[in-house]
Amino acid sequence: MASIYIHIPFCKTICSYCDFTKVLYNRELVIPYLDELQNEIDDLYEKEEVETIYVGGGTPSCLSRDELERLADIIKSFTLKSGCEFTFECNIDDISEELLKDLKDMGVNRLSIGIESFDEDKLAFMNRSITFDEAKRKIDLAKSLEFDNINVDLMYGIPYERAKDLRKDLGLFLKLEPTHISTYSLIIEEHTMCKVREDENIKEEEEQKMYCYIKDKLEKTGFNHYEVSNFALPGYESKHNLCYWNNQEYYGFGLGASGYIKGFRYENTKSFSKYLEGNYKENEHLVSKVEMMENELMLALRKMKGINLQEFFDKYEVNLQDVFPVKPLIKNKELIYKDGYIFINPKYIYVMNEILLKLI
């Protein structure tokens, strides 16, 4: 089985916080990029049956209809398993009946919609524009066309954001009735507008309070907190993202994409010109057994259910507790052992990075 990520780097506007590989939409560049994407896939894809596809960006939904048709032709290169989870990222502005029907024809069955917030001040900070009424109307349109698996992104921890702003935002997000909510606290990264403006992150204790509020509210509303930043109604957990967190191999195609195939982890170039010349990979390395086990542990502990000790032994022929110092952390209750799993104590999930540093 294979999972596939495809990166479409084009955006109509650039959000202030975004450090993903992106370029402003230019019609003259899109088809040459998609042609090169096809070449990369032809070079690397080995005809495995595909269990999940995720088309991200950038803003894939900004493509014109003929450009989407070219992308649909590329998707036909893959052998899709029956019931393949096929996620496509959209901006609310781009969603129309025509787009949704084209995505349905392409095989898309899961939408991931970058809303982030409905608060005017937060939206201005992010260089975004959206209203609740528009979002509700477009998501209801998607549901009427039988898109019943919809994720929405929520961002919090914006400078000067108050608790009541988050409460209002989350209340409106729930009124959209999505099946999945991904939450992100603002991190000010290099090469972003936020960094250039010298914006500052909010205080850590305030951010933690916001995280705990989101967690408690969504759990009380029936969402399963299955990964540190992700919540799903039962049965709607992201199969594609679980591929990453289960340390399974996957293809990454497109500008700036990363992948993990046949024991090699690789990152593609972020240079548009290099990519169009067919120079796809920026770096690649064979993952050692030690690194593989470290990745297994770090990624699995992002999941609320944690890591299964028997599965770890079956995969690496060694006991996890003989490789990593888990026993002291179980003793002091930072980690919990239960029913064959080790997981981070929910009280400490917000500071999971500190726990991982003690393990690795």
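Close Cβ contacts (under 8 Å, 6 or more residues apart or on different chains) running from residues in the stretch 191-210 that are surrounded by 11 or more Cβ atoms within 10 Å (Cβ to Cβ) to residues that are in a helix (DSSP H, G or I) and aromatic (Phe, Trp, Tyr) comprise 199/125; 208/350. For residue 278, the requirement of being of a type in the set (Gly, Ala, Ser) and closer than 13 Å to residue 344 by Cβ is not met. Each residue in the stretch 141-197 was checked for being under 19 Å from residue 16 (Cα atoms), in contact with a strand residue (DSSP E or B) (Cβ under 9 Å, 6 or more places away or on another chain) and among the acidic types (Asp, Glu), and 1 pass.
Close Cβ contacts (under 6 Å, 6 or more residues apart or on different chains) running from residues in the stretch 335-356 that are more than 19 Å from residue 210 (Cα to Cα) to residues that are surrounded by 14 or more Cβ atoms within 10 Å (Cβ to Cβ) and acidic (Asp, Glu) comprise 355/334. Here the condition is being among the acidic types (Asp, Glu) and touching a Ser or Thr at 6+ places or on another chain (Cβ under 7 Å); of 277, 282, it holds for 282 alone. Among residues of the stretch 262-283 that are loosely packed, with under 15 Cβ neighbours inside 10 Å, those with a beta-carbon under 6 Å from a residue that is of a type outside the set (Ser, Thr, Tyr) and in a loop (DSSP other than H, G, I, E, B) at least six positions away or on a different chain give the pairs 263/287.
Residues are listed down the side, and each one gets a yes or a no for (1) surrounded by 15 or more Cβ atoms within 10 Å (Cβ to Cβ); (2) in the same structural domain as residue 175 (by TED's automatic domain parsing); (3) closer than 12 Å to residue 169 by Cα:
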| site | (1), (2), (3) |
| --- | --- |
| 106 | yes, yes, no |
| 112 | yes, yes, no |
| 115 | yes, yes, yes |
| 120 | no, yes, yes |
| 128 | yes, yes, no |
| 138 | yes, yes, no |
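The residues of the stretch 179-190 that are of a type outside the set (Val, Ile, Thr) and either in contact with a Pro (Cβ under 7 Å, 6 or more places away or on another chain) or touching a residue at least 40 places away in the same chain (Cβ under 8 Å) (or both), listed by number, are 180, 182, 184, 186, 189, 190. Within the stretch 140-159, the set of residues being over 18 Å from residue 121 (Cβ atoms), touching a Lys or Arg at 6+ places or on another chain (Cβ under 8 Å) and surrounded by 14 or more Cβ atoms within 10 Å (Cβ to Cβ) comprises 147, 149, 150, 151.
Of the residues making up the stretch 31-41, those that are surrounded by 15 or more Cβ atoms within 10 Å (Cβ to Cβ) and either farther than 28 Å from residue 261 by Cβ or touching a residue at least 40 places away in the same chain (Cβ under 8 Å) (or both) number 6.
Restricted to the stretch 10-58, and to residues there that are among the hydroxyl-bearing types (Ser, Thr, Tyr) and modelled with pLDDT of 95 or more, the residue that is nearest to the chain's Cα centre (by Cα) is 54. The test for being assigned to a helix (DSSP H, G or I), over 30 Å from residue 198 (Cβ atoms) and assigned by TED's automatic domain parsing to the domain that holds residue 134 holds for residue 37. Taking the stretch 42-85 as the range and being buried (at least 20 other Cβ atoms within 10 Å of the Cβ) and assigned to a loop (DSSP other than H, G, I, E, B) as the test, the residues that pass are 58, 59, 63, 78. Could you tell me whether residue 267 is over 20 Å from residue 20 (Cβ atoms) and charged (D, E, K, R)? In short, no. Just one residue in the set 119, 94, 66 is among the acidic types (Asp, Glu) and in contact with a Cys (Cβ under 9 Å, 6 or more places away or on another chain); that residue is 94.
Annotation note: of 242, 255, the sole residue that is assigned to a loop (DSSP other than H, G, I, E, B) and either within 30 Å of residue 23 (Cα to Cα) or in contact with a Leu (Cβ under 6 Å, 6 or more places away or on another chain) (or both) is 255.
For the stretch 317-338, enumerate the residues that are of a type in the set (Asp, Glu) and either part of a helix (DSSP H, G or I) or within 29 Å of the chain's Cα centre (by Cα) (or both). Answer for the stretch 317-338, where residues must be of a type in the set (Asp, Glu) and either part of a helix (DSSP H, G or I) or within 29 Å of the chain's Cα centre (by Cα) (or both): 322, 334. Among the conditions (1) touching a residue at least 40 places away in the same chain (Cβ under 8 Å); (2) closer than 20 Å to residue 6 by Cα; (3) buried (at least 18 other Cβ atoms within 10 Å of the Cβ); (4) out of contact with any helix residue (DSSP H, G or I) (no Cβ under 8 Å at 6 or more places or on another chain), the only one that residue 95 does not satisfy is (4).
The values are calculated or read from the model by the stated rules, or taken from the named source; none is laboratory data. Nothing here was measured: the structure is a model prediction, and the numbers come from that model. Reconstructed Cβ throughout: ideal geometry from the backbone, glycine too, with neighbour counts over all protein chains shown.
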